[in-house]
Structure formats: structure tokens, C-alpha cells
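Take a look at the structure below.
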Amino acid sequence: MQSRITIAVPSLNQARYLNEALDSIFAQDVPSEVYVMDGGSTDGTLDVIKAWEPRLAGWQSGPDGGQSDAINRGIACGTAPYVTWLNSDDLLIEGALARLVEKLEAQPDVPACYGRTWDLDDATGERKATWVEPFSQNRLALRCIVSQPGTVIRRSVWNALDGLDPALQMAMDYDLWWRIFRRFGPPAFIDAFVAVNRVHSLTKTNTRRRAHYREAMAVVRKHNGRVPIKWWLAQPYQIWFRSGFREL
């Protein structure tokens, strides 16, 4: 059966999560071609990859240019009309891809679509809804209202934009939503939960808050022309108080 979606799975020393991520992909009822792009893990990730190898369209393991580079190369390996990526510590909810692809096929002028996602606390098992909203330029300028694990993009749009900006390592998805909107119009929103964003102590958002904020604010300034004051007011809490002064 011809694949409908290309999925890149970037990974680096995520063996404890990768199996569950791949299981959630292959449990979907949309034919997909999956490429695992490993950055040279040393924690048993290769054993997980090899266990799934018969079902993968391909995989690589070795040094890369970072997460954006790995995702771009993974998606470039495929040919399906829709694309996305799933970080190796995230999950798709049953039926997610069918919902997202159905929306794109029903609205051929829409460049991408996204749904709601859960934030799953890996330490406590508690989950809460990620802050996701119907698309609005004004709201996007205040925060990233699109949660990446819950998105699907047309390959034609992805190719026209040359995928992710490889110079970005923290807010590359935020930058992508802006570029999609500026060139092709707003993505469509599905008011349903489609994915799980796992929150744990080793995510880049937690370990590199200062860099994440700096890069996200640069993205807003580039695409919106100015940085709303909300970013300056929230920055002390997000960087210093929540990080416990680790980055000072």
C-alpha cells in the first residue's frame, strides 16, 4: 500500500522512549514511511531500531548537524504527499494521523493542520492539555500555539520552504509555523487530541531555557516585526525561577 505520510523520528540517547514512540506510529491506520534519524546514541537505541527495522523505511545513526538537520534529511528520504516528525520521546494517539490527513484532503488549499496535544509529566504520570489554540497571527506572536507532535504538513509546502531552518535548534517548529503562515496562509485546526508531548528533565526546553527563550524571541521579531511585551514579562519566571537558577 502506498504511503500517505513520511515521518522522521530524530533521536539521541532516547532508548527508554523510542520503542513506545515507534509503537504509537505503527498503530496508526494511515500507511506511513518512517525514518529514524539517530545522532549516534550509545544507550541501546540501536537495539530498539534494529528490532523495528523490518517496518522502517530506513534509518541512520551517526553525527549530524543537530535536530533540524536530522529531521530535514529524514523527510527528504521519503516521497509521501504529507510529512511530519515525531520526537523519540513523544507519542501519537490512536487515529491521530487519519484525522489530520482527512482534514488536509477535505481542504486542499490548507497548507498544514494541527490538533490538540497532552503534556505528559514523565516523573508523575500526570498529564495536562498543552496550550494549543485555533490559529491567529496575534496569538502566535504571544506564544507558540501549535504543538508540533500534533501536526501534519503537505510535502509541497515543506519542500517550498526547504523544511526546517538548520540554524535553529530550539524554536525551529515555531519558526516553521510562521513561515507556513506567511507564504501559504494559516494552518487548519482540529479540536481533538492527537498526540502526547512528553515532559521530562532532559528535554531541551528544560535544560536550555535561556537559549530557548532567546531563539523564540528572535523568531517572533523576525516574522512579527516586534516582540510583544509578554515575552519580556514572562522571561524572568520561565528562565530563572523555573530553572532554579541553573543557567546563571
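The values are calculated or read from the model by the stated rules, or taken from the named source; none is laboratory data. Everything quoted here is computed from the prediction, not taken from an experiment. In this analysis, Cβ positions are derived from the backbone assuming ideal geometry, glycine residues included, and neighbour counts consider all displayed protein chains. Just so you know, the surface numbers come from the protein's heavy atoms only, side chains and all, with ligands and any DNA or RNA stripped out. Shrake-Rupley method; radii C 1.70, N 1.55, O 1.52, S 1.80 Å.
So, in nm, how far is label D162 from label D23 when the simple model puts each one 7 Å beyond its Cα toward the Cβ?
My value for the distance between the label points is 4.0 nm.
Please compute the modelled spin-label separation between V227 and C77, points set 7 Å along Cα→Cβ, answer in nm with one decimal.
Between C77 and V227, the label points sit 3.7 nm apart.
About the Cα centre of the stretch 9-105, what is the dipole size in debye to 20, counting +1 per Lys and Arg Cβ and -1 per Asp and Glu Cβ, all else neutral?
Details: 6 positive and 15 negative charges, 28 e Å.
I would put it at about 140 debye.
Which of A188, W85, S41 sits closest to the plus end of the dipole of the chain, meaning its Cα is farthest towards the positive end, when Lys and Arg get +1 and Asp and Glu get -1 on the C-beta?
The one lying farthest along the dipole's positive direction is A188.
Carbon and sulfur: what percent of the stretch 1-147's accessible surface (1.4 Å probe)?
Details: 3120 of 6650 Å².
Using a 1.4 Å probe with all protein chains present, the stretch 1-147 comes out at 47 percent carbon and sulfur.
Per residue, how many Å² of accessible area does the chain show with a 1.4 Å probe?
On the way: 11530 Å² over 248 residues.
That works out to 47 Å² per residue.
Using the Cα centre as the reference, give the magnitude of the dipole from point charges on the C-beta atoms of the chain (Lys, Arg: +1; Asp, Glu: -1; all else neutral), rounded to the nearest 20 debye. Numbers along the way, then the final one.
On the way: 29 positive and 28 negative charges, 239 e Å.
In total the dipole reaches around 1140 debye.
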